[in-house]
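The values are calculated or read from the model by the stated rules, or taken from the named source; none is laboratory data. Remember, predicted model here, so these are calculated numbers, not experimental data. Using ideal geometry, Cβ is built from the backbone for each residue, glycine included, and neighbour counts are taken over all protein chains shown. For the accessible areas, the whole protein counts, side chains as well, though only heavy atoms, and no ligand, DNA or RNA atoms are used. Shrake-Rupley method; radii C 1.70, N 1.55, O 1.52, S 1.80 Å.
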Amino acid sequence: MEGNDEEITAFVEQVIQMRKIQKEFFRTRNYTTMQKAKMLEKDVDDRARKLMSQLKKEESEKQDAAQPDLFGDETNGRI
């Protein structure tokens, strides 16, 4: 993703934190830890969907830019 290295890094750090809390829950079976793990899982899922959407949009834009314009500038309202 162009210019989104910080966003990807933040996502990876969030996944690492989520896994740490999940492991803690399975070790302790603490209800509060389970709630925290569920909250982190939802946040990770939401962020993953957002990142995938951005990646697909960027890929689509790259493909559109690489496609030749078969009809010239007329299709853009310019003749």
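When we screen 75, 32, 28 for residues that are surrounded by fewer than 10 Cβ atoms within 10 Å (Cβ to Cβ), among the β-branched types (Val, Ile, Thr) and either touching a strand residue (DSSP E or B) at 6+ places or on another chain (Cβ under 9 Å) or modelled with pLDDT of 95 or more (or both), the only hit is 32. Does residue 12 fit the bill of being of a type outside the set (Phe, Trp, Tyr), open to solvent by 70 Å² or more (accessible area, probe 1.4 Å) and either within 21 Å of the chain's Cα centre (by Cα) or modelled with pLDDT of 95 or more (or both)? When the stated conditions are applied, residue 12 passes them.
Cβ separations smaller than 8 Å between residues 6+ apart or across chains give the following pairs from the range 44-56 residues that are under 12 Å from residue 18 (Cβ atoms) and open to solvent by less than 80 Å² (accessible area, probe 1.4 Å) to residues that are assigned to a helix (DSSP H, G or I) and β-branched (Val, Ile, Thr): 44/15.
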